[in-house]
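Report on the structure given below.
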Amino acid sequence: MKSLVLAPFQHLVCSTMADTELTGAEIVIRCLHAEGVKHVFGYPGGAVLNIYDEIYKQDGFKHILVRHEQAAVHAADAYARSTGQVGVALVTSGPGATNAVTGIATAYMDSIPMVVITGQVPTAAIGMDAFQEVDTVGITRPCVKHNFLVKDVRELAETMKKAFYIAATGRPGPVVVDIPKDVTQNTCAFVYPESVSMRSYNPTSKGHTGQIKKAAQMLLEAKRPMLYVGGGAVLGNGAEPVRALARKLGFPVASTLMGLGAFPEPDPQNLGMLGMHGTYEANMAMQHCDVLLAIGARFDDRVIGNPKHFGKEARRIIHIDVDPSSISKRVRVDVPIVGAVDQVLTDMLKQIDGVPDATALKAWWAQIELWRAQDCMKYDRASPVIKPQAVVEALYKVTGGAAFVASDVGQHQMWAAQYYKFNEPRRWINSGGLGTMGFGLPAAMGIAMAHPDAPVVCITGEGSIQMNIQELSTCKEHKLPIKVILLNNGVLGMVRQWQEFFYEERYSESYVTSLPDFTMLAEAYGHVGMKIERPEDVEPALIKAFTEHKDELVFMNFITDPRENVYPMIPAGKGLSEMILI
Amino acid sequence: MENEAGALSRVAGLFSARGYNIESLTVAPTEDATLSRMTIVTRGSDDVIEQINKQLNKLVDVIKLQDLSDGSHIERELMLVKVRAVGEGREEMKRMADIFRGNIIDVTEKSYTIELTGDGKKLTAFLEAIDPSAILETVRTGTSGIARGERILKI
Ligand SMILES: Cc1cc2nc3c(=O)[nH]c(=O)nc-3n(C[C@H](O)[C@H](O)[C@H](O)COP(=O)(O)OP(=O)(O)OC[C@H]3O[C@@H](n4cnc5c(N)ncnc54)[C@H](O)[C@@H]3O)c2cc1C
Ligand SMILES: Cc1ncc(C[n+]2csc(CCOP(=O)(O)OP(=O)(O)O)c2C)c(N)n1
Ligand SMILES: [Mg+2]
């Protein structure tokens, strides 16, 4: 029709059509509303000003202005981890996008569903070294599940739909949508597709029936069975069938760092965490089992150690994973099952039509109890200086095990994982795959936005907290009552530990000097600061923080033993039964 | 795969990021302009090839993947060679091109440009058969492949 209109009238025609057409910026907002997004974490800039202008005019979702784009992405990521919904972050082009990259890579490594919208220079300026131009799609390509550059406003709505769909389905992951500024200005009619179908993307969720049958049979025949539960059990809402299966069979359960909480940790069937800093009993059972059921776990190098050593013992492996490329990647498996944990386990439960070998199982448990009797998690409880483990134990006690615990990266992360006993999935939020220092505080913000009434803590180190400490300001603005548990050992403890063990105590650049007065720092941001130096003050301080200061952010600076190490430890490249115990 | 901007770099990026080796890669749109077809020649242990298969399938732009070496198949590559063709070497060069069923597609007083198709081995054999000092320039497309018989890759 338009082509019939003579040139001088074209402008007129467009302006009357504008009634039914929306700008790209409006479309972005409408898509987010249609997806049911309630929180967007972001930071404005030139390329996204049109979008921010539309944010100003709407109240369908709340925008949380962070102080650094990395924090926006971590917050959106933890929002997703703690709720299961897709997290959303919005940043500008150039430095906004590059600041977001660490957050995107963090989410990618842990398979977190997230949509990151990045502004881009106008389409005509792309490739011209324009102001604040970077090739966002190129830079993020290796650390996203997928990404898009939207070149035409008419593709915007469908692209947004695809982005949410890809992020959330199959093996979840971050999706970047890069939107040039002119696309946010241009107009077109808005229709949000109800559904998408993509010929090139069809994740499987139902497992192969024959394989599931075979697995069920194998489990019943096992003499020394073991369930190995990974992050996929949490991501795929598999906690319930995991519990049902474990209880039905009476098998021992161990989890990776990412799977903690899928099976309740205080349960006697739980052997604790596997891997480099896992328990003696979990690692020994993993090494010596004869049938291993891996549930959404990827045989990571921090979990099985040296694959050759792992392969020394004969065992049959069943592996459930939604991503075929996780299967037989590092370890050959006997029964691969491609599918979603919840569906596959539910089907498997139906296939289990007998009982396991009771005598064998009893003997196996007896062996496990001997390993457990090693008490590998013991530490000096009478120490005159605060032991970091004791702080986490006290935190567990004071919060009744009900807190959402975000963590940074280092020794404190391992102690948090080892000594806080998670009863539920999605309560333990940490960066496992990328191991990103600076993740903790923004992650706690994302959780606190999603769960305003729940206790949220951030366990951190004096190294990590300084990597995103500016977010204390965001916490103030949104009155987020996070409890920051700083296990302040005055050292980059995890680095120091490796230097002690493997570099003959040459402590190269691992001592952090000139630390700020964290109490004053917290107060400067308008929060409550506490410094805790004696073991007997640990619990009372925590109680005070969670009662008197329930609704405030409390920054708790625990001065802990600088020489404490994380045990047990499997040195890199060693096997599961080659642990260093305390 | 989808004929989308960026699809090629996703594949190339995957190979470099994961340390897989690419011997050659060819790509062009198909009769359906929304699709392009790529032939990749790679090398690796069975485990590595299995991972390459899975990782490629995981790329959102990849629609279907076939390991041609699973069955009998045909490989073809095109090579253009510019050679010195002077004196008695000129006649010899033409003879060699004929033996390898090459076509001389451009001629000057001093040179021939020869077009040759075949599998990679044949093209290499040609280069080894002629006087190496006569080779002025070569350009090869990399291998394209298709299964023999009724087996087809279609969506
Ligand atoms: C300092 C430090 C120390 C560490 N030490 C340890 C340690 O001692 N022990 C340890 O375990 N880890 C440790 N890690 C973490 C480690 O690096 C890995 O991140 C972790 O082990 C991977 O966990 P996972 O195997 O459960 O896989 P994840 O990364 O959680 O991957 C999940 C798997 O599940 C699949 N999946 C996702 N959704 C579904 C679904 N719906 N259905 C089926 N499958 C699905 C995915 O495809 C993937 O294969 C440490 C990290 C750091 C930073
Ligand atoms: C961004 C980033 N840089 C470097 C590292 C390497 N690294 C891992 S743990 C660690 C030390 C962390 O120190 P701190 O936060 O004080 O924790 P601690 O180990 O002392 O508990 C370092 C430097 C990392 N994981 N992330
Ligand atoms: Mg420290």
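The values are calculated or read from the model by the stated rules, or taken from the named source; none is laboratory data. Model, not experiment: these values are computed from the prediction. All Cβ positions, glycine included, derive from the backbone under ideal geometry; neighbour counts span all protein chains shown. Accessible surface areas use protein heavy atoms only, side chains included; no ligands, DNA or RNA. Shrake-Rupley method; radii C 1.70, N 1.55, O 1.52, S 1.80 Å.
Restricting to Cα pairs below 8 Å that are 6+ residues apart, what does the relative contact order work out to for region A:103-190? Please round to a whole percent. Let's see the in-between values first.
Numbers: 154 pairs, mean separation 38.8, N = 88.
Contact order relative to length: 44 percent.
Provide, as a two-decimal number, the C-alpha radius of gyration of chain B over 2.2 N^0.38 Å, N being how many residues it has. Could you put the intermediate results ahead of the total?
Numbers: Rg = 18.7 Å, N = 155, 2.2 N^0.38 = 15.0 Å.
Compared with the compact-globule rule of thumb, chain B sits at 1.25.
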Practice problem: Whole number in Å², please: accessible area per residue of the protein assembly as shown, 1.4 Å probe, ligands, DNA and RNA not counted. | Solution: 44 Å²
Quiz prompt | Mean separation of Cα contacts under 8 Å, 6 or more apart, over the residue count of chain A: relative contact order % | solution = 14 percent
Practice problem: Measure of size requested: the Rg and Dmax of the protein assembly as shown, with Cα atoms as the atom set and Å as the unit; please supply both. | Solution: 29.8, 101
Practice problem: Return the loop-located trypsin sites (Lys or Arg not before Pro) in region A:197-300 (DSSP other than H, G, I, E, B) with at most 15 other Cβ atoms within 10 Å of their own Cβ; answer none if there are none. | Solution: A:ARG199, A:LYS206, A:LYS223
Self-check item: Over region A:266-357, relative contact order from alpha-carbon pairs under 8 Å, at least 6 apart, %
Solution: 22 percent
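If you keep only loop residues by DSSP, which GluC sites (Glu not before Pro) in region A:499-582 have at most 16 other Cβ atoms within 10 Å of their Cβ? Let's see the in-between values first.
Numbers: sites: A:GLU500, A:GLU504, A:GLU505, A:GLU509, A:GLU523, A:GLU533, A:GLU536, A:GLU548, A:GLU552, A:GLU564, A:GLU578; in loops: A:GLU504, A:GLU505, A:GLU509, A:GLU533, A:GLU548, A:GLU552, A:GLU564, A:GLU578.
For GluC sites (Glu not before Pro) across region A:499-582 that sit outside H, G, I, E and B with at most 16 neighbouring Cβ atoms in 10 Å, the list reads A:GLU504, A:GLU505, A:GLU509, A:GLU533, A:GLU548, A:GLU578.
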Quiz item: What FRET efficiency would be calculated for the residue pair A:VAL355, A:HIS451, taking the C-beta separation as r and a Förster radius of 35 Å, to the nearest 0.05?
Solution: 0.30
Quiz item: Cα to Cα, under 20 Å, and not fewer than 8 places away if on the same chain: which aspartates and glutamates meet these conditions relative to A:LYS181?
Solution: A:GLU21, A:GLU26, A:ASP53, A:GLU54, A:GLU69, A:ASP129, A:GLU133, A:ASP135, A:ASP152, A:GLU155, A:GLU158
Quiz prompt | Rounded to the nearest 10 Å², the accessible area of A:TRP498 at probe 1.4 Å | solution = 70 Å²
Quiz prompt | Projected label distance in nm at A:SER514 and B:LEU8, using a 7 Å step from Cα toward the beta-carbon | solution = 5.0 nm
Quiz prompt | J(HN,Hα) series, region A:466-481, from Karplus relation 6.51 cos²θ - 1.76 cosθ + 1.60, nearest Hz, glycine and proline x | solution = 6, 7, 8, 5, 4, 6, 4, 5, 4, 4, 5, 4, 9, 6, 8, x
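Of the listed pairs A:LYS62/A:LYS476; A:LYS397/A:LYS483; A:LYS57/A:LYS151; A:LYS38/A:LYS550; A:LYS145/B:LYS54; A:LYS479/A:LYS544, which have alpha-carbon separations greater than 23 Å here?
On the way: A:LYS62/A:LYS476 16 Å; A:LYS397/A:LYS483 15 Å; A:LYS57/A:LYS151 25 Å; A:LYS38/A:LYS550 25 Å; A:LYS145/B:LYS54 14 Å; A:LYS479/A:LYS544 18 Å.
From the list (A:LYS62/A:LYS476; A:LYS397/A:LYS483; A:LYS57/A:LYS151; A:LYS38/A:LYS550; A:LYS145/B:LYS54; A:LYS479/A:LYS544), the Cα-Cα distance tops 23 Å for A:LYS57/A:LYS151; A:LYS38/A:LYS550.
Report the GluC sites (Glu not before Pro) located in region B:1-73 that are in a DSSP loop and have at most 12 other Cβ atoms inside 10 Å of their Cβ, or state none. Mind showing how you got there, number by number?
Values: sites: B:GLU2, B:GLU4, B:GLU23, B:GLU31, B:GLU50; in loops: B:GLU4, B:GLU31.
Listed in order of number, the matching sites are B:GLU31.
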Exercise. Give the angle, between 0 and 90 degrees and rounded to the nearest 10, that separates the Cα long axis of helix A:156-168 from the longest principal axis of the Cα atoms of chain A.
Key: 0 degrees
Quiz prompt | Label point distance in nm, A:GLU523-B:GLU88, each placed 7 Å from Cα along Cα→Cβ | solution = 10.1 nm
Exercise. Determine the calculated [θ] at 222 nm for the protein assembly as shown from helices alone, applying -39500 (n - 2.57) to every DSSP H run no shorter than 4 residues and normalising by the residue count; nearest 500 deg cm²/dmol.
Key: -10500 deg cm²/dmol
Quiz item: Using a 1.4 Å probe on protein heavy atoms, which residues of region A:128-162 have at least 50 Å² less accessible area in the complex than alone?
Solution: A:ARG141, A:HIS146
Self-check item: Stokes-Einstein translational diffusion, region A:265-388 - Kirkwood Rh over all Cα pairs, 1.002 mPa s, 20 °C, in µm²/s
Solution: 129 µm²/s
Self-check item: region A:389-518 - percent of accessible surface contributed by carbon and sulfur, probe 1.4 Å
Solution: 51 percent
Quiz item: At what distance in angstrom do the alpha carbon centres of region A:416-437 and region B:69-122 lie from each other?
Solution: 63 Å
Quiz item: What's the percent breakdown of Cα-Cα distances in region A:157-277 across 5 Å bins, shortest bin first?
Solution: 2, 9, 14, 15, 14, 12, 9, 8, 7, 5, 3, 2, 1, 0
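If r is the Cβ-Cβ distance from B:LEU127 to B:ASP106 and R0 is 22 Å, what FRET efficiency results, to the nearest 0.05?
Working: r = 18 Å, r/R0 = 0.82.
Efficiency, rounded to the nearest 0.05: 0.75.
Just counting partner chain Cβ atoms within 10 Å, what average do the residues of peptide A:316-328 show around their Cβ?
Numbers: counts 0, 0, 0, 0, 0, 0, 0, 3, 7, 9, 2, 2, 4.
Shielding by partners across A:316-328 averages 2.
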Practice problem: Show which lysines lie in cross-link reach of A:LYS574 when reach means a straight Cα distance below 17 angstrom and same-chain residues fewer than eight apart are skipped. | Solution: A:LYS308, A:LYS312
Practice problem: Report, ordered by chain and residue number, the aspartates and glutamates lying within cross-link reach of A:LYS214, taken as a straight Cα distance under 19 Å and ignoring same-chain residues fewer than 8 apart. | Solution: A:ASP290, A:ASP321, A:ASP334, A:ASP342, A:ASP347, A:ASP353, A:ASP357
